[in-house]
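Q: Quick one: the structure is below, questions incoming.
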Amino acid sequence: MRYKGAVEFRNVVKKFGQFTAIPDLSLSIEPGELVTLLGPSGCGKTTTLRMLAGLEGPTGGQILIGGQEVTRLPADRRDVSMVFQSYALFPHMTVAQNVAYGLESGGMKPAEARERAAEGLVLVGLEGLGARLPAELSGGQQQRVAVARALVLEPQVLLLDEPLSNLDARLRRRVRTEIRELQQRLGFTAVYVTHDQEEALAVSDRIVVMKNGVVAQVGSPRELYEAPASEFIADFIGEANVVGGEVLSVEGGIARVDLGGAILALPARGLREGPARLAMRSNAARVRTAGAGVPGRVASSAYLGDHVEYEIDGPLGRVFVVDDESDTPLPVGTEVVLDLRPRGLALIPEGV
Amino acid sequence: MNKDNRRLDLILAAGFFALLVLPWYRVRRGFFGLDWLSDLPGSETLWPGLFQALAGRWQLWPVLALVALAVALRLTRAPGPRRGRALVGIGLAGLCWLAVEGLSIGLRGWNWGVLETVFGPVVGQQAFGAGAVLLGAIFALISAFGAAERGALKGDAFVLGAITLLVLLVGVFVFYPLLSMFTGAFQDFDGSFTTEGVRGSIFDPKIWSLGCLTGGNCGVAWRTFFLALCTATGTTLMGLIFALVATRTGFRFKRALRLLTVLPIITPPFVVGLALTMLLGRSGTLTQWIEAATGWELGRWLYGLTGIWIAQMLSFTPISFLVLIGVVEGISPSMEEASQTLRSDRWRTFRKVSLPLMAPGLANAFLIGFIESMADFGNPLVLGGSGGVLSTEIFFAVVGAQNDPTRAAVLASVLLVFTLSAFLAQRFWLAGRNFATVTGKGDGGRHASLPRRVAWPVITMAVGWGLFTVTVYAMILFGGFVKVWGLDHSLTLDHYARAFGVSFAEGWQWTGVAWDSFWTTMKIALIAAPLTAAVGLLTAWLIVRQRFPGRSVFEFALMMSFAIPGTVIGISYIMAFNLPPLQMTGTAAILIACFVFRNMPVGVRGGVAAMAQLDGSLDEASLTLGAGSGRTMRRVILPLMRPAILAALVYSFVRAITSISAVIFLVSAKYNMATAYIVGLVENGEYGIAIAYSSVLILVMITVIGGFQLLVGERRIGRREVQAEAATRESLA
């Protein structure tokens, strides 16, 4: 791990007084990777990011950036830079001065810093706005200034703390694409904190899901979505139904599972015969009025234009199902069968 | 439209009462004594307005005519815009006529010679009494109700009435006195116009000389200005130091520092000067030590600008601290963190980010310090020695052997120009330059602690100054128990006994010399406090919740009255209320009026802040539920504003006790206030009693404020407990 841009947490502990925010965190991030720290509020993701930035000191353990230990290094001497949730643009400086600020702090000559700041503004598409004050920009523009200010320093690692949370929904989608493109084009390592799972799925190479200061699962967006390691992950990523079933037999890594009467073949994920829990995505079943499948009864239905959302009572309990067939929405009380597809189903490895 | 008629009936009935029953002119022995009733039929001066008019005082005829006209309108016309317009006219005409005749005809006939040559001689008249004052208020209300009938402000008679009365009151008690002060400067002894006095005073080298630049003495205006600059600089610096220590260091006694902020509120202004003389004066403790140790002769260096400066630093640093602690805490922590992640160490962060962000707040603290220093009266009075400042010069121009009201008025104008300029700068130049609140949401993070090279000097200075302050205050408490300060340090309770002695020999008797002024102070403060709170909060409600033309001007004028130094208020009250038409000097009423209108801006500010937190939809909900403005105020706004009301009550009570600058002009033998009495003691050299009395005052105020904190604080603690409980429940779930 001697590469520029690699990050490693080794058994990092963080306590605030009596309260332990991070009990024991080990994590490594490859150079050039965009890793998202995802989790509900209070899960320790921001604390992790701030420890990486040097804004909080860990209580124990080691942090390495680019193969160098930085655990006790203050923020201004670390080769990282950060985009703040509130952007933290200095209101008394112009946009150009904001972007040049870090360069000048590093000892660069003012003239050169100005030039580089202008280049940085071009990079985020804000050329010509350097003379404005932050207050004279829109929210989206301010956000880009914050990114430019962090990027011109060419840090090994760029840290982003919920960078989109102050933007409206439409803008959020566009800016996250821009950030991802920029990251892929320039090839820097990025650590991205968010509590929005959709945002995480959209931008990340890898996602680290955290809960109560502990890493719950690390993996690519697809791995997390298709093979959640726990009920928490299954629920947090893509709001899956968690349903009970029974593994009938395991052969060559493939399990035959009885799910409410339907028999399906799924990857066993280390499970043996016996009762099991499954993550069932909302698109895992089609709702039919006749044919083979798990029987059920419509408990609620909501017509949303291109799809219909149902809640179905049956042997699986109440499950949430989305049906693309929206021409004839079924009324509440209709007896239905759920036609299950293996694609949206996964066994959850942890015990029942 | 029955409501329109009903309220009109009510005030017209009150108008009859004012004209037919109440004495029109001022009752010398006091209206509320009611012993004037026995002299009634015989003494013509006690007659009500109607009989005065019948007896030949033609200046009352228009008043009667206007009231009669209003009654006729009420009986013949239906409520509506047309009647409304007529009523507005009647009300305004009535007020104007009262002002004109009151100002024109004085005790001995016409006030101005011109009028006498035009209209011939007239019989003089006394100042307005209960009847005239009540009728003035009724004229104001008639025009307000008329405006309501015309549909102004959605026809809300309560709001209109409140606005009209407030404007009238502020006009009479803030602007009329200032105006009389200015005109007073241009008047001869017989009342005719002259510029002689003004010219003499304006170019007086004693005021404007710049001789100190060449080794001589500077004029008093420049010296005051220079002192104010020094005090403002010093207090801003010390305030910043304290604010930084309290928020940005690991200093252990931060809570004790915060206690400092209470001191200026509870300290009568001259007390610090008094304690300084005990410490550093000619026979002061510290002076004696130093002289004994070194053999130097320190002399009277304390008396003069140096001493005043030290006293003002002690008095006003806490105020600056209070202002700046908000500024320092207001800086978003993520600004500093961002700077750190941008390769800046703490020192560069402090220099390039924290300080520039604080700059507007620092300028604000500077201007506040400037105004406070300019307006300060107590400290210069005690420590000024031969070279005073503007505020004391004004005092001596009226009170001393000079008795030169023109000079006093000119000096007061100069002082007023200085403080108002600072106020305007604060208001316009600083407005919109505040960075402190520019933060996004979701600001986590912590404030950067100070770089070490700043932290140590800062902590050292804060501790040093803190200890000095504590010593000074210890002097005050201790000094009351010592026989003769500087000569005989044996302990005694004599001073307390003389000041607050009680005798049981013939029943309960207050034999102490201080009791008289003490009880007067308490009584007047207790009357003034609720009035101040009521006027202040009513104004706040009008400013925040009502949109009426001239609202911003109204608010501005109110806030401006805060920048008028107490000395100026004092002198202008004397000039305005010493002669008819409004004669109040020597009464308790003038003291109460002075307190109410001097402290009202604070109530307004507190009320505005509290009201801004109450959602406007609450009022609207109450209005749509059929409650009028008055009822909404009573049943919805007031209960929600209880903490703000309590704060306004306590503050105005305490200010009434500690204030000296305006009060010293207005006290009389009958109504002497504690502070004025203590200053008298100091002038007679009776330091022991003065100090004992001051300590008692401080203790009284600590008790009041402490009780108040307990009352309000308990609620806050309760809420936090609930929050903590909720948090534990959440984390357990």
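The values are calculated or read from the model by the stated rules, or taken from the named source; none is laboratory data. The structure displayed is predicted, hence computed values, not measured ones. Cβ coordinates were reconstructed from backbone atoms using ideal geometry, including for glycine residues, and neighbour counts include every protein chain displayed. Calculation scope for accessible area: heavy atoms of the full protein, side chains included, ligands and nucleic acids excluded. Shrake-Rupley method; radii C 1.70, N 1.55, O 1.52, S 1.80 Å.
Q: In segment B:328-338, what residues are within 14 Å of A:S86 (Cα to Cα), more than 7 Å from chain A (Cβ to nearest Cβ) and part of a helix (DSSP H, G or I)?
A: Result: B:P333, B:E336.
Q: Cβ-Cβ below 9 Å, separation at least six or inter-chain, first residue in segment B:298-327 and part of a helix (DSSP H, G or I) and crowded, with 24+ Cβ neighbours inside 10 Å, second among the aromatic types (F, W, Y) and at pLDDT below 85: which pairs?
A: Filtered contacts from segment B:298-327: B:A311/B:F270.
Q: Now, a different point. Filter segment B:515-551 down to the residues that are assigned to a helix (DSSP H, G or I) and among the small types (G, A, S), then identify the one that is nearest to B:Q613 (Cα to Cα).
A: B:A540
Q: Which residue out of B:V67, B:V21, B:V71, B:V88 is β-branched (V, I, T), open to solvent by 40 Å² or more (accessible area, probe 1.4 Å) and in contact with a Gly (Cβ under 9 Å, 6 or more places away or on another chain)?
A: From the options B:V67, B:V21, B:V71, B:V88, the qualifying one is B:V21.
Q: Among the listed residues A:V145, A:V175, identify the single one that is touching a residue at least 40 places away in the same chain (Cβ under 8 Å) and open to solvent by less than 10 Å² (accessible area, probe 1.4 Å).
A: So the residue among A:V145, A:V175 that is touching a residue at least 40 places away in the same chain (Cβ under 8 Å) and open to solvent by less than 10 Å² (accessible area, probe 1.4 Å) is A:V145.
Q: Now for a separate question. Here is a list of conditions, (1) open to solvent by less than 30 Å² (accessible area, probe 1.4 Å); (2) under 21 Å from A:G261 (Cα atoms); (3) assigned to a loop (DSSP other than H, G, I, E, B), and A:S326 meets all of them except one; can you say which number that is?
A: (2)
The rows are residues; the columns are (1) out of contact with any helix residue (DSSP H, G or I) (no Cβ under 9 Å at 6 or more places or on another chain); (2) at pLDDT 90 or above; (3) open to solvent by 10 Å² or more (accessible area, probe 1.4 Å); (4) not assigned by TED's automatic domain parsing to the domain that holds A:D196.
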site	(1), (2), (3), (4)
A:A118	no, yes, yes, no
A:V124	no, no, yes, no
A:L160	no, yes, no, no
A:L164	no, no, no, no
A:A169	yes, no, yes, no
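Q: If you don't mind, there's one more thing I want to ask. Please work out if B:V604 is open to solvent by 30 Å² or more (accessible area, probe 1.4 Å) and touching a residue at least 40 places away in the same chain (Cβ under 8 Å).
A: Numbers: open to solvent by 30 Å² or more (accessible area, probe 1.4 Å): no; touching a residue at least 40 places away in the same chain (Cβ under 8 Å): yes.
Considered against the rule, which asks whether it is open to solvent by 30 Å² or more (accessible area, probe 1.4 Å) and touching a residue at least 40 places away in the same chain (Cβ under 8 Å), B:V604 comes out as no.
Q: Among the listed residues B:A140, B:A147, B:A99, B:A53, identify the single one that is open to solvent by less than 40 Å² (accessible area, probe 1.4 Å), under 31 Å from the mean Cα position of the chain (by Cα) and either hydrophobic (A, V, I, L, M, F, W, C) or in the same structural domain as B:G15 (by TED's automatic domain parsing) (or both).
A: Result: B:A140 is the single residue among B:A140, B:A147, B:A99, B:A53 that is open to solvent by less than 40 Å² (accessible area, probe 1.4 Å), under 31 Å from the mean Cα position of the chain (by Cα) and either hydrophobic (A, V, I, L, M, F, W, C) or in the same structural domain as B:G15 (by TED's automatic domain parsing) (or both).
Q: Turning to a different aspect of this structure: Enumerate the helices (runs of 4 or more DSSP H) found wholly within segment B:218-279, keeping only those where 3 or more residues are polar (S, T, N, Q) and open to solvent by less than 20 Å² (accessible area, probe 1.4 Å).
A: B:220-248
Q: A further question on this structure: Can we say A:G57 is farther than 24 Å from A:D76 by Cβ, in the same structural domain as A:L186 (by TED's automatic domain parsing) and either open to solvent by 10 Å² or more (accessible area, probe 1.4 Å) or of a type in the set (G, A, S) (or both)?
A: no
Q: Looking at A:G187, is it in the same structural domain as A:G67 (by TED's automatic domain parsing), under 27 Å from A:T47 (Cβ atoms), open to solvent by less than 60 Å² (accessible area, probe 1.4 Å) and not basic (K, R)?
A: So A:G187 does not fit the description; no.
Q: Hey, another quick one. Output the residue which, of all residues in segment A:63-95 that are more than 14 Å from chain B (Cβ to nearest Cβ) and charged (D, E, K, R), is farthest from A:I22 (Cα to Cα).
A: A:E69
Q: May I pose another question? With the checklist (1) in a helix (DSSP H, G or I); (2) under 24 Å from B:G161 (Cα atoms) in hand, flag the one item B:A78 doesn't pass.
A: Single failed check for B:A78: (1).
Q: If a residue has to be open to solvent by less than 20 Å² (accessible area, probe 1.4 Å) and not in a helix (DSSP H, G or I) to count, how many in segment B:607-638 make the cut?
A: So the answer is 1.
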